């Protein structure tokens, strides 16, 4: 009897133990503050950020959430953390996104909410580009291979911007009242956040995770939340799994990104904003073409003037030679 009862219970035990795993990245000493507010993935390392620090961790061994054992996993620092500094307000990192280039190289896009800007940074910590965000408040950020996506918790919107100059390409109303984490799964946008910002409780029931079709602007799927996630801060999609940092617990929770299809007829996509980059490029090209034409005309005039000067010099030489013969 007990054997059959155990077999009946076993599937539920397996589901309960493997539903999600968690990784404690708090308490690692002075090099990394507790509760990372941003995470991304470079293909090898989980890159985590908090305040003005960015750390690279690898060899991650996750622990089973809800296990009867107290083991909480471990990891190693791949290299020494890099520091983002600012002449204005001290940097506060709320979003990270990885842009792969050639091979295993790439850049880190950093959302600095304290200075309302986005930075393009090398893995060594060199800042290559600074993009001011104006009225956009970056809560989290992700990269789809061409554009940057920003979750703005204060304006309750999602912004699609170009990494060239930070121009807004499109705007979306956030399906979640307070969007605090965002990720790109290769096709859709995944958004996590707080349902009721006025609710002071840290209940997991106040967290929602959805998948948004950016083409239609509609929510297509609801992803079940983990009971260990009550305040999502940063999120990244890695091989069919969502890694989400939690402000309250200081953990990084890994959950499967499978969800249940939902019917939401509302379209969250607002009118697209025409890119100003092409216009700027056209104007710059027209200006450059005009400058080239003017340069050509100036060169022709200079050439004519030089020829006239040469003829005048030859005439003067002949005149001088005639004068000498006399």
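Looking at 209, 195, 238, can you tell me which residue is surrounded by fewer than 17 Cβ atoms within 10 Å (Cβ to Cβ), over 18 Å from residue 143 (Cα atoms) and modelled with pLDDT of 90 or more?
195
I'd like to check which strands (runs of 3 or more DSSP E) are fully inside region 1-86 and have at least 3 residues that are crowded, with 19+ Cβ neighbours inside 10 Å and modelled with pLDDT of 70 or more.
38-41, 46-50, 53-61
Just checking, how many residues over region 163-209 are farther than 20 Å from residue 262 by Cα, part of a loop (DSSP other than H, G, I, E, B), touching a residue at least 24 places away in the same chain (Cβ under 8 Å) and in contact with a strand residue (DSSP E or B) (Cβ under 6 Å, 6 or more places away or on another chain)?
Here the count works out to 2.
Filter region 238-252 down to the residues that are assigned to a strand (DSSP E or B) and either over 22 Å from residue 186 (Cβ atoms) or touching a residue at least 60 places away in the same chain (Cβ under 8 Å) (or both) and list them by number.
Of everything in region 238-252, those that are assigned to a strand (DSSP E or B) and either over 22 Å from residue 186 (Cβ atoms) or touching a residue at least 60 places away in the same chain (Cβ under 8 Å) (or both) turn out to be 238, 243, 244, 245, 246, 251, 252.
Does residue 164 count as surrounded by 15 or more Cβ atoms within 10 Å (Cβ to Cβ), within 23 Å of residue 112 (Cβ to Cβ) and assigned by TED's automatic domain parsing to the domain that holds residue 264?
no
The values are calculated or read from the model by the stated rules, or taken from the named source; none is laboratory data. As the structure is a computational prediction, the values presented were derived from the model and not from experiment. No Cβ is skipped: glycine too gets one built from the backbone with ideal geometry, and neighbour counts run over all protein chains shown.
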